[in-house]
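The values are calculated or read from the model by the stated rules, or taken from the named source; none is laboratory data. Not measured: the values here are computed from a predicted model. Don't worry about glycine lacking a Cβ; one is built from the backbone with ideal geometry, like all the others, and counts go over all protein chains shown. What goes into the accessible areas is simple: the full protein's heavy atoms, side chains included, and nothing from ligands, DNA or RNA. Shrake-Rupley method; radii C 1.70, N 1.55, O 1.52, S 1.80 Å.
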Number of protein chains: 6
Amino acid sequence: MTLHQQTAPQTRRDRGLDALKRIDGQGGEAVVNALADIAPDFADMLLEFPFGDIYTREGLDLRSREVATIAALAAMGTATPQLKVHMQAGLNVGLSREEIVEICMQMAVYAGFPAALNALFAAKEVFAEAA
Amino acid sequence: MTLHQQTAPQTRRDRGLDALKRIDGQGGEAVVNALADIAPDFADMLLEFPFGDIYTREGLDLRSREVATIAALAAMGTATPQLKVHMQAGLNVGLSREEIVEICMQMAVYAGFPAALNALFAAKEVFAEAA
Amino acid sequence: MTLHQQTAPQTRRDRGLDALKRIDGQGGEAVVNALADIAPDFADMLLEFPFGDIYTREGLDLRSREVATIAALAAMGTATPQLKVHMQAGLNVGLSREEIVEICMQMAVYAGFPAALNALFAAKEVFAEAA
Amino acid sequence: MTLHQQTAPQTRRDRGLDALKRIDGQGGEAVVNALADIAPDFADMLLEFPFGDIYTREGLDLRSREVATIAALAAMGTATPQLKVHMQAGLNVGLSREEIVEICMQMAVYAGFPAALNALFAAKEVFAEAA
Amino acid sequence: MTLHQQTAPQTRRDRGLDALKRIDGQGGEAVVNALADIAPDFADMLLEFPFGDIYTREGLDLRSREVATIAALAAMGTATPQLKVHMQAGLNVGLSREEIVEICMQMAVYAGFPAALNALFAAKEVFAEAA
Amino acid sequence: MTLHQQTAPQTRRDRGLDALKRIDGQGGEAVVNALADIAPDFADMLLEFPFGDIYTREGLDLRSREVATIAALAAMGTATPQLKVHMQAGLNVGLSREEIVEICMQMAVYAGFPAALNALFAAKEVFAEAA
């Protein structure tokens, strides 16, 4: 039985919405809502592919998935709003603040000190809002 | 006793070399050797800062550190040789092939399908060499 | 009726495979085949999301979709294999060689001369193979 | 004697100014004006090379040129002000709002969901100002 | 007792702090202070590696080092706060405003006009604050 | 009548060709020649804008211009062929091998260790060919 065999399309979207709520929390729902009047189909795709297809896969635990996402977005440096959503998501799935800070610091090695600094200052804002 | 308490500066380099060997294995040593005739001081810096300072820190386990590095390098798409070294490093510190494949696939969400595809094909080469 | 309403999952994959063959031709099928032994689920996702969901949408003609993809990949500069597949795809959906060259040249304005040069040399290879 | 004086540059510059006004409209003129006190020669270069040399070329229609530019800037993710100017330019040369939204959505495939999301939110602002 | 006190690294950290003050001035100190409550060890690393290890090396004069940094950050386009700190640093080590403007303009060739424009507008802000 | 015929462009083009030969040497001429059968107008633009307009400007010395270009291309990591041409150009206008190595090393701070490593290995090839 292949991955998608048992999923009717609405199931895929619902599974994604479920994962989005559990992982990204309010930040994720806010993104979906903000798409409603500009690209509602894209809100569906966002639920279906990243959340319905990827985050629900076995093979890598959710905590590691958020480590990967925080690292990638910090390194890329072009997606601060999404980085902040996933720092909150990291906290939601069990990463500690210290671990998130360590990921940001490590990015100095791979993407340079400015990428690490900007990620650390984003973390500071996320932690302040979460306090 | 803090992390750096007992380390004289030369120890920092040695601690880095130790970490490099344990994590990156032969791939890491090959990089250090390749620097010998062009920028030997940079070989020292590579041992000291990424490996002596960052990878030896408490606060994030080595397995998660390699998840972060593989994700970042896959997303950036500008560092294929280093991505391959760290896929091998991931295997060295306990990631399974399946987990590495999952990290690459997940990068399609954050950096696009070409980044994920190129990372998967790099993984294919690393796994073939490791076989 | 919304986009996904009538599509059982296998339809989505089949619709994607159909679009992939029509647009990317042999280059696209080669990518799908190369994924078989490393990440077969990702081959499904590649068929389903980019080709099943995006390229089959109304709202933008296929020719314009390939203009967008060639421009983006040329500007990013990190995805030469995919750029070449989409230059061939551009020819397949009706772009002329001259138009593809113009897109590459225009990228000098937005991503710099090296990005434009590297894209032009990729085009040269694609046109030589297509001759 | 200024740099361009002997190359009858007013022709090239004027052709560029004409194209800039027609394509980018007020957004383009605002950029040129903002350069006046920091880098006036660069305002000339901006008129001459992108607008005088590239956008006035035959070989690719203006509509396709704006598809390419919007796609590239959305994918790069480092040029939000310029992306917004060119979304307005796209409307000026005949792209519909729906087509611009489709280009942004398609960038999820090549540059990731954050790039597409940030481009869609930029489009939302441009469309609100144009309303 | 600070982190590195008995590893004789205070020399390295102090040398870095000295270089940071001389080169980046208040902007650099502000960054170090902003790290105090989120990642104090990273403040140490920032002093030690970039400033203690790199900027104090012979082999390239400080003026050229700032040319390199301004060019790189302008081209990358993901580090505006750091670009502004280093434009001020460039003035501190002897670059003229005209030279900084020329570096930004030149980046149009290598990273595109948007990168150059955004760097020029950053320079405009830095010069206004320095006036 | 070609595009630039009426703007006395031979002056601008010739000035660019002169600068290209003096700065980039054989590497630059090879690029111009390689464009002849795919995009000859782009060869003209390459001579006219980067070399005719930018490199011939007063306001920044040629040596500093090459420092800026090497740093930017090393940091971007997407333009290895052009980075190598400009490392040779740096040698042509008076940079020492040591200075080029220092620029590469410094990029570890701003763009990460992989960018610095890949630039250093490019330098190694350039120096071997120049020997």
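For this structure, a couple of remarks:
- Interface residues, the stretch E:89-119 - accessible area loss of 40 Å² or more versus chain alone, probe 1.4 Å: E:E102, E:M105, E:Q106, E:V109, E:Y110, E:F113, E:P114, E:L117, E:N118
- Comment: the Cα-to-Cβ extended label point of B:D18, at 7 Å, lies 3.1, 4.8, 6.3, 6.3, 7.4 nm from its counterparts in the other copies, nearest first.
- Using alpha-carbon coordinates, inclination of helix E:80-92 to the longest axis of chain E, degrees: 90
- The heavy atoms of A:M107 present about 0 square angstrom of accessible area, all protein chains included, probe 1.4 Å.
- D:A79 long-range amide H proximity, modeled H, under 5 Å: none
- Mean shadow area of the stretch A:61-131 over all directions, Cα convex hull, nm²: 3.9
- Tilt relative to chain E, helix E:62-76 - C-alpha long axis, 0 to 90 degrees, to 10: 70
- Two-site FRET efficiency, B:N33 against F:S96, from Cβ-Cβ distance with R₀ of 22 Å, rounded to 0.05: 0.35
- Net charge over other residues, Cβ less than 13 angstrom from the Cβ of E:Y110 (K, R count +1; D, E count -1): 0
- Around the Cα centre of the stretch C:11-57, unit charges on the Cβ atoms of Lys, Arg, Asp and Glu (plus for the first two, minus for the last two) sum to a dipole of about 240 debye.
- For F:A34, the distances from its label point to the matching points in the remaining copies are 2.1, 2.1, 3.5, 4.1, 4.1 nm, ordered from shortest, with each point set 7 Å beyond Cα toward Cβ.
- Placing R0 at 35 angstrom, the Cβ-Cβ distance between B:D14 and A:D61 gives a FRET efficiency of 0.55 after rounding to 0.05.
- Here the ratio of the Cα radius of gyration of chain C to 2.2 N^0.38 Å is 1.10.
- In terms of Cα atoms, the Rg and Dmax of the protein assembly as shown work out to 25.2, 79 Å.
- Charge tally in the Cβ shell below 11 Å around F:L20, where Lys, Arg are +1 and Asp, Glu are -1, F:L20 excluded: -1
- Minimum Cβ-to-axis distance in chain D for the rotation onto chain E, with residue, whole Å: D:T78, 4
- On Cα atoms only, tilt of C:9-23 relative to the major axis of chain C in degrees: 30
- Per residue of chain B, the DSSP helices (runs of n ≥ 4 H) give a summed -39500 (n - 2.57) that works out to -22500 deg cm²/dmol at 222 nm.
- Calculated on the Cα set of the stretch A:11-57, radius of gyration then Dmax: 9.6, 30 Å.
- When both the stretch D:116-131 and the stretch A:12-80 are represented by their alpha-carbon centers, they are found 21 Å apart.
- For chain D, the relative contact order is 23 percent, taking Cα pairs closer than 8 Å that sit 6 or more residues apart in sequence and dividing their mean separation by the residue count.
- Amide H contacts for F:G112 (H built 1.01 Å from N in the peptide plane; partners 5 or more residues away or on another chain; cut-off under 5 Å): A:G112, A:F113.
- Across the identical copies, the label point of F:P81 (7 Å from Cα in the Cβ direction) is separated from its matches by 1.9, 1.9, 3.3, 3.8, 3.9 nm, in order from shortest.
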